[in-house]
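**Q** Take this structure first; my questions come after.
Every read-out reported here was derived from the displayed coordinates using simple, explicitly stated rules and does not represent laboratory data. These numbers were taken from a predicted model, which means no experiment stands behind them. A quick note on method: Cβ atoms are made from the backbone with ideal geometry, for glycine too, and the neighbour counts reach across all protein chains shown.
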There are 2 protein chains.
Amino acid sequence: MADTWTITELANEQGVTARAIRFYEDQGLISPLRDGRNRVYANRDRVRLKLILRGKRIGLSLAEIRDIINLYDTPEGEQRQTELLRKLIRERRAQLMAQQQDIAVMLHELDNLEARL
Amino acid sequence: MADTWTITELANEQGVTARAIRFYEDQGLISPLRDGRNRVYANRDRVRLKLILRGKRIGLSLAEIRDIINLYDTPEGEQRQTELLRKLIRERRAQLMAQQQDIAVMLHELDNLEARL
DNA sequence: TATCTACTTTACGTTAACGTCAAGTAGATC
DNA sequence: GATCTACTTGACGTTAACGTAAAGTAGATA
């Protein structure tokens, strides 16, 4: 298993276009190293991309995903920030759980629908 | 409890703009009756709007929501269509369950994050 | 009867998230 | 050394989902 990827390798693997990945970089969501002009993606970039795509699949905007990434990237032990971070995490968790609920309701309705057939 | 609503009443209640509701109508997602030129929303329209907004909250596009609505609106007992319907329902259910999974992973990551604080 | 309020339609504007050329470069291959 | 391949950086185009006037109407109220 390689430990670095080119942009097209990563794009193919993750099922997105290279253009999309470059766009995420423009938006400050991912920052690969360079080999000359060319982008080189390490595993942490790959993990980051997966996080982005997971966020997209559940309907988060890139701005919201950036907020979540910022939670991850905040230096540890910054006491002044900790309380704020906890709050943001709680809010995000509440939103995700509400989404779970919405999906549960929809699944239930699909069950009813199928039962009617 | 009233059994009909004006567009602004419904908009305020559901936390969206009247413009958005009219847009959903343009897209064929909802079809209220009229009192002269004015739209009159009955309870089934209200339920329909809730379905639309629930879909939006979990990141579905209006086109996808329309597909789901079409599942609901298909006349019962159309034997020829039944098998296709079952298939569409199964696919949609699979997608929703995948989304549940994505959300579960994110919730887990938030837990880890909070634990680090 | 004039004004106010809540609706209507029409139409152009806006933002997010890329798609789609165009033009250039750098390394490998014929 | 020319051609091929995989990258690069602009820059303009596109679609979805509304926002935002503009201009008109119909019923209630001063």
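**Q** I need the full set of residues from segment A:23-47 which are in contact with a strand residue (DSSP E or B) (Cβ under 9 Å, 6 or more places away or on another chain) and surrounded by 14 or more Cβ atoms within 10 Å (Cβ to Cβ), in order please.
**A** Hits for segment A:23-47 are A:E25, A:I30, A:P32, A:R39, A:V40, A:Y41, A:D45, A:R46.
**Q** Something else now. Inside segment B:15-29, can you point out the residues that are over 10 Å from B:R66 (Cβ atoms) and either hydrophobic (A, V, I, L, M, F, W, C) or in contact (Cβ under 8 Å) with a residue 60 or more places away in the chain (or both)?
**A** Passing the criteria: B:V16, B:A18, B:A20, B:I21, B:F23.
**Q** Something else: Within segment A:69-90, count every residue that is under 18 Å from A:L51 (Cβ atoms) and more than 10 Å from every other protein chain (Cβ to nearest Cβ).
**A** Residues that pass the stated criteria total 3.
**Q** Which condition breaks for B:I65 when tested against (1) over 16 Å from A:D111 (Cα atoms); (2) within 7 Å of chain A (Cβ to nearest Cβ); (3) in contact with a Leu (Cβ under 9 Å, 6 or more places away or on another chain); (4) of a type in the set (V, I, T)?
**A** (2)
**Q** Select from segment B:13-40 the residues that are outside any strand (DSSP E or B) and more than 13 Å from DNA strand D (Cβ to nearest atom) and list them in ascending order.
**A** B:E13, B:S31, B:P32
**Q** In segment B:91-111, which residue that is over 28 Å from B:G28 (Cα atoms) and of a type in the set (D, E, K, R) is nearest to the other protein chains (Cβ to nearest Cβ)?
**A** B:D102
**Q** If you scan segment A:30-62, which residues turn out to be within 9 Å of DNA strand C (Cβ to nearest atom) and touching a residue at least 24 places away in the same chain (Cβ under 8 Å)?
**A** Across segment A:30-62, the qualifying residues are A:N38, A:I52, A:L53, A:L62.
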